[in-house]
Amino acid sequence: MSTPNDTIVKVIRPDSVIVTESDSVTHITIRGKEDNPDYLFDLDIQTGKNQLTTMQERATRWDFSLSLSKKGSGKESRTMLTSGGFHFGFVNALNAPKGMKIDMASSYEIGFQGLGYCVKTNNRKHHFSVGLGFNWRNFRMTGRTRFLQTPDGSLITSPYPQNTTDIKSSRIKLFSLTVPFGFTFGLAKDWEAQVATILNFNTFASVESRYSVLETNTETGESFTRRVKDHSNNVHQKPDSVDFMASLRWRMLGVYAKYSPCKVLKPEFGPSFTPVSVGFTIWY
């Protein structure tokens, strides 16, 4: 009969169970289960004067768990170190000026969480987390308006030259180092929801317009098409910003929505707008 201080783990249809015994330590490893072939459970039981039980449980082999348990406690807290979460989405600009029309279908967001640290409570389906990663956003216009940098470094929206024959795109690119603070809670089986506040350090931004113009050779009088690429890395982005994110996940896959109340560019150097994005997550 179990007592309130016992640790009970139920694994249905494991792929393998390995038990290793020595004079002072019993080690149990369970690999795979009915709904997750990547499941891994490790249990070390040390006997003798210094009795110690160490348990590690991972839903994926991408995680590097540092699990701590306290003997004699009905609630077992765990800390977990994770890595490898990706997200991909589509970006739009809210409250943008009239001439700035972002093409959301071709404006992308790509992110990666290189490192995460989670704190779980064993008798509840939730955990708190903090992480470190990066995010890349591309605000792209494909219409007849472009981003144009003036001599003083400001960005404005302006029509293309009259002799333009082909328009590719005009875009602002933003790269950020990210520190997400999240709270995840379990729903039904294999389903989780998360809300997070993300601190962004916007380390790099650039602006670029690609188009073709029709010109005339002054010596021969012949017309020809010239490709133009206007590019600048001297974009005055705000150095930091905050995002609010909500996501819904089933096993390794999920969907998310993200919004920031912060402006992308400094008010005195460019159009005033805030980002919003929706997309997909993998192990995030």
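Laboratory data are not the source of any read-out in this text; all were calculated from the coordinates shown. None of the values given here were measured: they were computed from a predicted structure. Neighbour counts are summed over all protein chains in view; Cβ atoms, including those assigned to glycine, are modelled from backbone coordinates with ideal geometry.
Things worth noting here:
- Working note: Karplus 6.51/-1.76/1.60 with θ = phi - 60° gives region 267-272 the couplings x, 7, 10, x, x, 8 Hz, where Gly and Pro are set to x.
- Region 85-282: C-alpha gyration tensor shape, a/c 1.5 cut-off, then a/b vs b/c: prolate
- Highest to lowest packing among 148-156, 242-250, 171-179, scored as the average C-beta count within 10 Å: 171-179, 242-250, 148-156
- Close amide H pairs (under 5 Å, H built 1.01 Å from N) link Lys125 with Gly186, residues at least 5 positions away or on another chain.
- When Val278, Val9 are sorted by how many other C-beta atoms sit within 10 angstrom of their C-beta, beginning with the fewest, the order is Val9, Val278.
- The chymotrypsin sites (Phe, Trp or Tyr not before Pro) found in region 72-171 include none that occupy coil by DSSP while having at most 13 further C-beta atoms within 10 Å.
- Cβ-based net charge around Arg249, under 11 Å, with every Lys or Arg adding one and every Asp or Glu removing one: -1
- Of the cross-linked pairs Lys173/Lys263; Lys168/Lys238; Lys168/Lys266, those separated by over 20 Å at the C-alpha level are Lys168/Lys238; Lys168/Lys266.
- Close amide-amide hydrogen proximity is noted between Tyr284 and Phe86, each under 5 Å apart and 5 or more residues distant or on a separate chain (H modeled in the peptide plane; Pro and chain starts excluded).
- Pairs spanning more than 29 Å between alpha-carbon atoms, out of Lys120/Lys189; Lys10/Lys258; Lys101/Lys229; Lys101/Lys258; Lys33/Lys125: Lys10/Lys258.
- Distance (nanometres) between label positions extended 7 Å along Cα→Cβ at Ala193 and Arg251: 2.2
- Database remark: amide H of Thr82 closer than 5 angstrom to the amide H of Phe64, Gly116, Tyr117, Cys118 (H placed geometrically; neighbours at sequence offset of 5 or more, or on other chains; Pro and chain starts carry no H).
- For region 78-95, Karplus couplings with θ = phi - 60° (6.51, -1.76, 1.60), whole Hz, Gly/Pro x: 10, 10, 9, 9, 10, 7, x, x, 10, 9, 9, x, 10, 10, 9, 10, 8, 6
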